[in-house]
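Written out below as structure tokens is the structure these notes cover.
The values are calculated or read from the model by the stated rules, or taken from the named source; none is laboratory data. Please read all numbers here as calculations on a predicted model, not as lab measurements. Cβ placement follows ideal geometry from the backbone for every residue including glycine, while neighbour counts extend to all protein chains displayed. When the accessible area is computed, the model is the full protein with side chains, heavy atoms only, and any ligands, DNA or RNA have been set aside. Shrake-Rupley method; radii C 1.70, N 1.55, O 1.52, S 1.80 Å.
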Amino acid sequence: MEIIEKTTNTEHEKVLYGRDSKSGYRGFIAIHSTVLGPAFGGTRFWNYASEDEALTDVLRLSRGMTYKNALPGLPLGGGKSIIIGDNRTPNREALFHAHGRFVDSLGGLYITAEDVGTSPADMEIVRQETRHVAGLLGRSGDPSPYTARGVFRAIQAATKFRWNTNELSGLTVAVQGCGHVGYHLVKMLHEAGAKVVAADVNDENLARVVNEFGVETVSPGEIFGVRAEIFSPCALGGVINDQTISELKIQIVAGAANNQLLDERHGEMLKDRDILYVPDYVANAGGVFNGCTELLGWEPARSLEKVDQIYDSVLTIVENANAQGITTNEAANRLAEERIRRARLSRG
Ligand code: NAD
């Protein structure tokens, strides 16, 4: 009953629940919008406490994908899928076959790829069931290095706006989450001469950045209170909330995680504290641009150019927000919504 209520009260075009008793598969696919094209967004494999929690996440994530794809003018809508369960399971094959069949049942309305807890190898299994999948081995592959590069460019745009410099050396960046994206971001920050303070709930991922780049670490609970210039959330969503905002001792938030603001009003709270927030879906669009080589036939050089242009997009958005006295998340949303509105009009 709660599920029906939750989905009827949103603007999503379709929300589906899938189950396969043989493999133990349970998952959701949410299609937020196909106004601009087929809904594109990755598959998240996560151990949610309940199906209701997973549903809330897939609704938020798929909406974010609509905005992420609309802002740079891509002919793609927004969608997302979730597999509920422990993503460390060795028993992946049957689950991803079931997921592939679920994706295929939508006939191309939804195209999937990797997200938290899934890998290009998982997408190869999905491909055996459907052609509506990107991020495949030997094709566009793992999007994370591109996402990290885009986040790095977003950080530079934020420092340009705030301190009129792209130079990160001497700055401290607190990075939450050193997984696929976090690892590459830490590497780039380290190479740029920034000091990194990192936290992760996964000891192995944390040890890797300590061993390779000598970063300082804090416990997962301490990362919000680290005194630094920049906080970069690269784990999960909802980390900017009533509680954490009061702990922050930074001036810029720019990271890869989707849905960093628990609620849009938290963008307002950051603004009130004079913390510059780089809207997540602007900073983390690099992976989608990489996927465009596979989805839209782009040359790799074009994808890379688009990733680097995240710098210009961020500057435009923060300057618009500044000029209009609105939050950066609102400024980004307005641009994306305008693109969707125009596409809807031209479609009649
Ligand atoms: P990942 O699963 O590889 O890495 C996430 C890391 O965060 C893991 O190491 C995990 O242990 C850690 N983590 C989880 N909870 C934590 C906590 N409370 N405190 C500290 N660390 C914690 O995922 P990823 O692919 O690196 O993606 C990271 C974020 O970026 C996600 O929100 C994802 O949706 C978003 N994103 C990723 C891509 C991409 O190309 N992979 C693209 C766009 C957005």
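Which residue, of ALA256, ALA336, ALA343, is within 17 Å of the chain's Cα centre (by Cα), part of a helix (DSSP H, G or I), of a type in the set (A, V, I, L, M) and under 24 Å from GLY79 (Cβ atoms)? I'd like the intermediate steps shown before the answer.
Numbers: ALA256 fails: part of a helix (DSSP H, G or I); ALA343 fails: within 17 Å of the chain's Cα centre (by Cα).
Answer to the check: ALA336.
Report, by residue number, each residue of region 148-184 that is within 9 Å of the ligand (Cβ to nearest atom) and either without any contact (Cβ under 8 Å) to a residue 12 or more places away in the chain or under 21 Å from LYS306 (Cβ atoms) (or both).
Within region 148-184, ALA148, GLY150, VAL151, HIS180, VAL181, HIS184 meet the criteria.
Could you check region 134-159 and list, in sequence order, the residues that are open to solvent by 50 Å² or more (accessible area, probe 1.4 Å) and either over 23 Å from the mean Cα position of the chain (by Cα) or on the phi > 0 side of the Ramachandran plot (or both)?
Within region 134-159, GLY138 is the sole residue that qualifies.
Tell me the residue from ALA49, ALA54, ALA70, ALA39 that is more than 13 Å from the ligand (Cβ to nearest atom) and open to solvent by 20 Å² or more (accessible area, probe 1.4 Å), please.
Result of the check over ALA49, ALA54, ALA70, ALA39: ALA49.
Residue by residue through region 259-271, note down the ones that are of a type outside the set (D, E, K, R), open to solvent by 10 Å² or more (accessible area, probe 1.4 Å) and not in a strand (DSSP E or B). Let's see the steps before the verdict.
Going through region 259-271, the residues of a type outside the set (D, E, K, R) turn out to be 259-262, 266-267, 269-270.
Filter again for open to solvent by 10 Å² or more (accessible area, probe 1.4 Å), leaving 259, 261-262, 269.
Across region 259-271, the qualifying residues are ASN259, LEU262, MET269.
Could you identify the single residue in ALA256, ALA194 that is closer than 14 Å to PHE152 by Cα, more than 15 Å from the ligand (Cβ to nearest atom) and aliphatic (A, V, I, L, M)?
ALA194
Can you tell me how many residues in region 314-340 are closer than 18 Å to PHE152 by Cα and open to solvent by 50 Å² or more (accessible area, probe 1.4 Å)?
Matching residues across region 314-340 total 1.
Which numbered condition in (1) loosely packed, with under 15 Cβ neighbours inside 10 Å; (2) more than 10 Å from the ligand (Cβ to nearest atom); (3) closer than 26 Å to ASP274 by Cβ is the only one that GLY221 fails?
(2)
Whether any residue in region 93-116 is within 23 Å of the chain's Cα centre (by Cα) and of a type in the set (Lys, Arg) is what I want to check.
No - not one qualifying residue is present in region 93-116.
State which residue pairs qualify: first residue closer than 19 Å to ARG60 by Cβ and in the same structural domain as ILE275 (by TED's automatic domain parsing) and inside region 231-250, second residue more than 10 Å from the ligand (Cβ to nearest atom) and in a loop (DSSP other than H, G, I, E, B) in any location, beta carbons under 6 Å apart, and separation of 6 or more residues or different chains.
GLY238/LEU262; ASN241/LEU262
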